[in-house]
1. To the nearest 20 debye, what charge dipole does the stretch 1-93 have about its Cα centre, counting +1 at the Cβ of each Lys and Arg and -1 at the Cβ of each Asp and Glu?
2. Work out the charge dipole of the chain with +1 on the Cβ of Lys and Arg and -1 on the Cβ of Asp and Glu about the Cα centre, then indicate which of Ile198, Thr138, Phe180 is farthest towards its positive end.
3. I want the local charge near Ala128. Using Cβ-Cβ distances under 12 Å, sum +1 for each Lys or Arg and -1 for each Asp or Glu among the other residues.
4. Using label points projected 7 Å from each Cα along Cα→Cβ, tell me how many nm separate Met107 and Leu156, to one decimal.
5. Note the full-extension length gain between Lys209 and Lys168 as 0.36 nm times their separation in residues minus their Cα-Cα distance, in nm to one decimal.
6. Of the listed values (i) 16.7, 50; (ii) 18.2, 59; (iii) 19.3, 62, grab the one calculated as Rg and Dmax of the Cα atoms in Å from the structure here.
7. Take peptides 22-32, 43-53, 73-83 and line them up by average Cβ neighbours within 10 Å, highest first, as a rough protection proxy.
8. Of the listed peptides 159-166, 100-107, 171-178, what is their order by residue-averaged count of other C-beta atoms within 10 Å, with the highest listed first?
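The values are calculated or read from the model by the stated rules, or taken from the named source; none is laboratory data. Note that this is a predicted model, so its numbers are computed, not measured. Cβ: placed from backbone, ideal geometry, glycine included. Neighbour counts: every protein chain shown. Heads up: the accessible areas ignore ligands, DNA and RNA and are worked out on the full protein's heavy atoms, side chains in. Shrake-Rupley method; radii C 1.70, N 1.55, O 1.52, S 1.80 Å.
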Amino acid sequence: MNKKTEKVLELLKKQYPDAKCELNYESPFQLLVATILSAQTTDKKVNEVTKTLFKEYPTVDDFLKLSQEELENKIKTIGLYRNKSKNLLLMCRQLKENFNGEVPKTMEGITSLAGAGRKTANVVMSNAFGIPAIAVDTHVFRVANRIGLAKGDNVLDVEKQLQKVIPKNQWSLAHHLIIFHGRRCCIARNPKCGQCIIRDYCDYFKENKNKI
């Protein structure tokens, strides 16, 4: 790990000692559902919906009792709810048919499911199964590029670069630290550089400090 990456992670650990997955879940299946629901919406909004949803329908078999219209009505406060409902029910059928109703533990297995891309697979592997992974969502992509931990035009490039500069045993924690920083300080518009704990190591701040 280079000095810059080491210092950035060290400071972020001090700033966010509670950094963890902010989606609420009680099983790998529930985390998979919550992560699929979280696309283009906030974890807070997802948690509001799943609080009731997971109480009533905690398992794959419970979900399969729902029609698409019924599921749509239960998640309609979330963006893209029609498409997500369709994918979730198809995903549940795929789990039953291809994986005996269990969430697979591999990138290949999870990404074979409807609605589950590479980011979803990394979130589930990391948080549900303890497998080192760096899920590159919009926050990780933005913050990693701004700081200069990675420089990539797409999420896969950024993921691969972060895997190279961060030790594998810190991948999952680093993912959460960067997300926390992206949500609380390094926001998309008007990042709070004035109160940023890592600004001395940030490429974006060095390039823009005269304008900030």
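1. Computed charge dipole of the stretch 1-93: roughly 420 debye.
2. The Cα lying farthest towards the positive end belongs to Ile198.
3. Working: positive: Lys105; negative: Glu26, Glu102.
Result for the local shell: -1.
4. Each label point is offset 7 Å from its Cα along the Cβ direction, giving 1.0 nm.
5. Residue separation times 0.36 nm, minus the Cα-Cα distance, leaves 11.5 nm.
6. The listed entry that was calculated here is (ii).
7. Top to bottom by mean Cβ count within 10 Å: 22-32, 43-53, 73-83.
8. Details: 159-166: 18.1, 100-107: 15.6, 171-178: 23.0.
Result, highest mean first: 171-178, 159-166, 100-107.
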